[in-house]
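Written out below as structure tokens is the structure these notes cover.
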Ligand code: SF4
């Protein structure tokens, strides 16, 4: 049988922001999008070997933390983009479910297919919605919405629970109109448990210098927490 390896950028053993409860978070390497505000450009290159690991070895590590997960916690596959390594992801999700561990995928929804199989073993999808309109999506990510739409359809077909997230950036999408569009867009999606607006932060800018990649949002400041609070009220 073909040996499956995952290409993992890093691991966080006790994450608190990537899903419910205390979570073991696997940040997978590789992303096809090029979001203007990405603070993890080091995860973009899918061929960069960071941590090469088999699903069996990963689950062994995860099981060491199982006692901390409690009734809500579990494992989150994040990135980069976890959907770009479907074989590895499916094996890991299966092993988690065999060991009675809650599974979350934190994704922008742009992968390589096999979504029905992935979602069979996924308890919750945290979906990063970059924009609801094609032209805005293209401006922010550099790609069209085709793949994202495919993944969202699969999530709907499989009745998977969903949390929606959107990063709000000053002068780009920090308008009431954008948030109302997001709210209306979400109304047509089943199983949405919550929608969260995340403030743009400049914390990853230094990485662009180190990687010699031009930063396209130079001069844009961190999104104000107060404004996020006000815009979030529109989602109620
Ligand atoms: S989807 Fe995530 S990892 Fe990929 S470019 Fe966008 S923000 Fe970065």
Study note, to complete from the structure: Ordered by fewest other Cβ atoms within 10 Å, a rough proxy for footprinting exposure, 64, 23 read 64, 23
Exercise for review: Out of all DSSP beta bridges with both ends in the stretch 6-233, state the antiparallel percent to the nearest 5.
Suggested key: 25
Revision key, fill the gap. Cα convex hull volume per residue for the chain, in Å³, equals 127
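Take every Cα pair under 8 Å in the chain that's 6+ residues apart, average their separations, divide by the length, and report that relative contact order as a whole percent.
Result for the chain is 17 percent.
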Revision key, fill the gap. For 148, 69, ascending order of other Cβ atoms within 10 Å (fewest first) is 69, 148
Review point. Which ordering of 206, 39 is given by a fewest-first count of other beta-carbon atoms within 10 Å?
Key: 206, 39
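Rank-order 166-175, 187-196, 78-87, 51-60 by packing density, defined as the average count of other C-beta atoms within 10 Å over each peptide's residues, highest first.
Ranked by mean Cβ neighbours within 10 Å, highest first: 78-87, 166-175, 51-60, 187-196.
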Revision key, fill the gap. So residue 233 and residue 120, fully extended at 0.36 nm per residue minus their Cα-Cα distance, gain in nm 37.3 nm
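Only the coordinates and a few stated rules stand behind these numbers; no lab work does. None of these values were measured; they are calculated from a predicted model. All Cβ positions, even for glycine, are placed from backbone atoms using ideal geometry, and neighbour counts span all protein chains on display.
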